Amino acid sequence: MTSISLKVLLCLAVAGFPILQITTAGDPDILVDYIAPDKVDGDFFTFTGFRTLTHPPPPTFTVTKASMKEFPVLLGQSVSYAALQFPAGSINPPHTHPRSSELLLLVEGTLQVGFVDTTNKLFTSTLKTGDMFLFPKGLVHFQHNAANNFPALALSAFGSANPGTVSIPSTLFNSSIDDNVLALAFRTDVATIRTLKKGFSSK
Ligand SMILES: *[C@@H]1O[C@H](CO)[C@@H](O)[C@H](O)[C@H]1NC(C)=O
């Protein structure tokens, strides 16, 4: 290979890099304005599933999603929402979203949040009403309403119509991964693993 063609190749590679980043930042682009059945009206573009958020908060931590499953117009638009309702003392257990970062806006209450990056460094913050926090794409994160008496309400925006959720506790202890594999992974014994698994089956 001549040095000219090497240079050309390098230029192409460098020029292509930002394009690659842009195309992988959200869902694949669609070649139409929106994806919809024939003869839709404004209702197709309207989501009403968050009206219930104004009702008394639920007794346990509750996620209400507005992703493409619940709101089909989002397919191809690279955006979605989730509403997170935290009764006093409740948590959203450690989890990841494989296809999107998450921008959380705390609408009511206070909230302790955190994520762990790929070097195992923990980043935490205590949010007050009106604050936002960014959970980078794919990283393990959690939220905790540590207040004794007050609920918290957060709205999370995603850069995907289908961010997906992998819950760490249930992925590990409520799937069918072999007890021995888990015992070795957690440097413990099978009995301890079975105790952890019991917490999921009884519910
Ligand atoms: C455990 O998995 C079963 C089967 O997928 C599911 O029905 C159940 O809700 C899960 N339990 C918890 C506590 O997530």
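Being assigned to a strand (DSSP E or B) and farther than 23 Å from Phe173 by Cα is the filter here; which residues of the range 83-100 pass it?
Ala83, Leu84, Gln85, Phe86 - these are the residues of the range 83-100 that are assigned to a strand (DSSP E or B) and farther than 23 Å from Phe173 by Cα.
Name the one entry in Asn162, Asn149 that is polar (S, T, N, Q) and under 30 Å from Ile30 (Cα atoms).
Selected residue: Asn162, the only one of Asn162, Asn149 that is polar (S, T, N, Q) and under 30 Å from Ile30 (Cα atoms).
If you take the residues of the range 49-66 that are among the hydrophobic types (A, V, I, L, M, F, W, C) and closer than 20 Å to Ala147 by Cβ, which of them is surrounded by the most Cβ atoms within 10 Å (Cβ to Cβ)? Spell out the reasoning first.
Pass one, the range 49-66, residues among the hydrophobic types (A, V, I, L, M, F, W, C): 50, 53, 61, 63, 66.
Then drop every residue that is not closer than 20 Å to Ala147 by Cβ, which leaves 53, 61, 63.
Details: Leu53: 16, Phe61: 19, Val63: 13.
The selected residue is Phe61.
For the range 41-58, give me each residue that is at pLDDT 95 or above and in a loop (DSSP other than H, G, I, E, B).
If the condition is that a residue be at pLDDT 95 or above and in a loop (DSSP other than H, G, I, E, B), then Asp41, Thr46, Phe47, Thr48, Gly49, Phe50 are the ones that fit.
With the requirement that a residue be more than 30 Å from Leu134 (Cα to Cα) and either open to solvent by 70 Å² or more (accessible area, probe 1.4 Å) or away from the ligand (no atom under 15 Å from the Cβ) (or both), what does the range 144-181 give you?
Matches in the range 144-181: Ser176, Asp178, Asp179, Asn180, Val181.
Assess whether Leu196 counts as being of a type outside the set (S, T, N, Q) and in a helix (DSSP H, G or I).
yes
Consider the range 132-143. How many of its residues are under 26 Å from Thr52 (Cα atoms) and open to solvent by 40 Å² or more (accessible area, probe 1.4 Å)?
Number satisfying all stated conditions: 3.
Suppose the filter is assigned by TED's automatic domain parsing to the domain that holds Val79, more than 16 Å from the ligand (Cβ to nearest atom) and within 19 Å of Tyr81 (Cα to Cα); does Phe133 pass it?
When the stated conditions are applied, Phe133 passes them.
In the range 182-197, which residue that is aliphatic (A, V, I, L, M) and either in the same structural domain as Phe142 (by TED's automatic domain parsing) or open to solvent by less than 50 Å² (accessible area, probe 1.4 Å) (or both) is nearest to Leu75 (Cα to Cα)?
Leu182
The values are calculated or read from the model by the stated rules, or taken from the named source; none is laboratory data. This one's a predicted model, so the numbers in the text were calculated from it and none came from an experiment. Positions of Cβ are backbone-derived with ideal geometry, glycine not excepted, and every protein chain shown enters the neighbour counts. For accessibility, only protein heavy atoms count, side chains too; no ligands or nucleic acids. Shrake-Rupley method; radii C 1.70, N 1.55, O 1.52, S 1.80 Å.
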